[in-house]
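The values are calculated or read from the model by the stated rules, or taken from the named source; none is laboratory data. Just so it is clear, the structure is predicted and the values come from calculations on it, not from any experiment. Cβ coordinates were reconstructed from backbone atoms using ideal geometry, including for glycine residues, and neighbour counts include every protein chain displayed.
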Ligand SMILES: *Cc1c(COP(=O)(O)O)cnc(C)c1O
């Protein structure tokens, strides 16, 4: 991005000049103006009574958003990737095996992390863009008696939503812990942590919650906390140690690290906005707005990567790039001429798909109409179509 510091009036309060961009990629999404405004409130200390109250409110709001009663529900100072790593390093010890559902980039990322930390990944694979049959995952849980099963609920590299079905119940019976990545789904699609017997679930601020990136919700079941407390070896990472973190978030209020204070204001505001709308209404809004997008793309003659509507990741739609079209060129055109950001594919899907996010505050009909018009005009401008 070009930052032109010289052409900017001196009276402006910032040195930065960033063009307003409509973020319709896989994240970040644009925060609600109310959420953005909360960032500029005065910074207080991380142990200030009003900040401690705000932390408790965040925990309360997160429990309703995750649909859980888990006491150990909080937000880490870090992006979704920090929670992914936290879920692994807290629960697993060196040599433990973990079954990982792999049908896109994020399953590969979990495998990479597991290897780095000395855990043994057992990959259950499907082609990118397809569901992993639940029966394959169940078979793996029964065969391997692994410490954990890791599921990416919303695979943002492919646009697939992996159903959780009765995996949690089966895992619990067999002494395996279920970890779920809900970075894309929290707030945008049904996710029922307690009903689905999930042991560790996490998300990010900047997708369907529409808060700025930098803080990330995570929740641990009592069963998971009990297991973590009975580890034989210490948790290797202090920053992500949930037991230490709970001493700050719980009644002890012991300093652990300086939290991302202003980002927590924004997360609180974003969660409050979601509460005002209600979670169920937000799920329904995401569904109906994405349906509008599917119809509009069809009218433009474009095809979706995920055929079966019931397999689709509602907040993130993957579109096949037609033959003869340079996907990156269209993306650049949208960004330069219309200030709209969409993303391309990567890995097995590089150059083959676009990824369009309608997340949180951005999931609105007017954004769909804007994108479809801009897309149509871009095809005209670049390809005379
Ligand atoms: C975006 C994303 C992440 C990582 O989140 P960051 O905030 O970018 O670290 C993890 N999992 C999935 C499925 C995602 O889409």
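Tabulated data
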read-out	value
Residue under evaluation residue 229, criteria (1) touching a residue at least 40 places away in the same chain (Cβ under 8 Å); (2) over 30 Å from residue 316 (Cβ atoms), criterion not met	(1)
Matching option when the condition is modelled with pLDDT under 95 and more than 25 Å from the chain's Cα centre (by Cα), among 385, 375, 302	385
Identity of the residue in the range 168-183, closer than 20 Å to residue 120 by Cβ and in contact with a helix residue (DSSP H, G or I) (Cβ under 7 Å, 6 or more places away or on another chain), that ends up surrounded by the fewest Cβ atoms within 10 Å (Cβ to Cβ)	174
One residue from 131, 149 being closer than 28 Å to residue 283 by Cα, buried (at least 23 other Cβ atoms within 10 Å of the Cβ) and away from the ligand (no atom under 12 Å from the Cβ)	149
Residue in the range 285-292 that is in contact with a helix residue (DSSP H, G or I) (Cβ under 9 Å, 6 or more places away or on another chain), part of a helix (DSSP H, G or I), free of Cβ contacts under 8 Å to residues at least 60 places away in the same chain and assigned by TED's automatic domain parsing to the domain that holds residue 54 present	no
Boolean, residue 84 is more than 16 Å from the ligand (Cβ to nearest atom), at pLDDT 95 or above and either over 26 Å from residue 171 (Cα atoms) or in contact with a helix residue (DSSP H, G or I) (Cβ under 9 Å, 6 or more places away or on another chain) (or both)	no
Boolean, residue 351 is in contact with a strand residue (DSSP E or B) (Cβ under 9 Å, 6 or more places away or on another chain), farther than 20 Å from residue 153 by Cα and assigned to a loop (DSSP other than H, G, I, E, B)	yes
The range 296-326: number of residues that are under 15 Å from residue 371 (Cβ atoms) and either in contact with a helix residue (DSSP H, G or I) (Cβ under 9 Å, 6 or more places away or on another chain) or crowded, with 19+ Cβ neighbours inside 10 Å (or both)	11
Inter-residue pairs, beta-carbon under 8 Å, first under 14 Å from residue 266 (Cα atoms) and modelled with pLDDT under 95 and in the range 192-213, second in a loop (DSSP other than H, G, I, E, B) and more than 13 Å from the ligand (Cβ to nearest atom), 6+ apart	none
Among the candidates 97, 77, 64, residue that is modelled with pLDDT of 95 or more, away from the ligand (no atom under 16 Å from the Cβ), under 25 Å from residue 264 (Cα atoms) and surrounded by fewer than 20 Cβ atoms within 10 Å (Cβ to Cβ)	64
Single match in 9, 20 (criterion: within 24 Å of the chain's Cα centre (by Cα), away from the ligand (no atom under 16 Å from the Cβ) and at pLDDT below 95)	20
Test: residue 376 is surrounded by fewer than 18 Cβ atoms within 10 Å (Cβ to Cβ), more than 24 Å from residue 18 (Cβ to Cβ), touching a strand residue (DSSP E or B) at 6+ places or on another chain (Cβ under 7 Å) and touching a residue at least 12 places away in the same chain (Cβ under 8 Å)	no
Wholly within the range 152-240, strands (runs of 3 or more DSSP E) carrying at least 3 residues that are within 13 Å of the ligand (Cβ to nearest atom) and under 12 Å from the mean Cα position of the chain (by Cα)	215-220
Failed item, numbered, when residue 212 is tested on (1) within 30 Å of residue 319 (Cα to Cα); (2) surrounded by fewer than 18 Cβ atoms within 10 Å (Cβ to Cβ); (3) out of contact with any strand residue (DSSP E or B) (no Cβ under 6 Å at 6 or more places or on another chain)	(2)
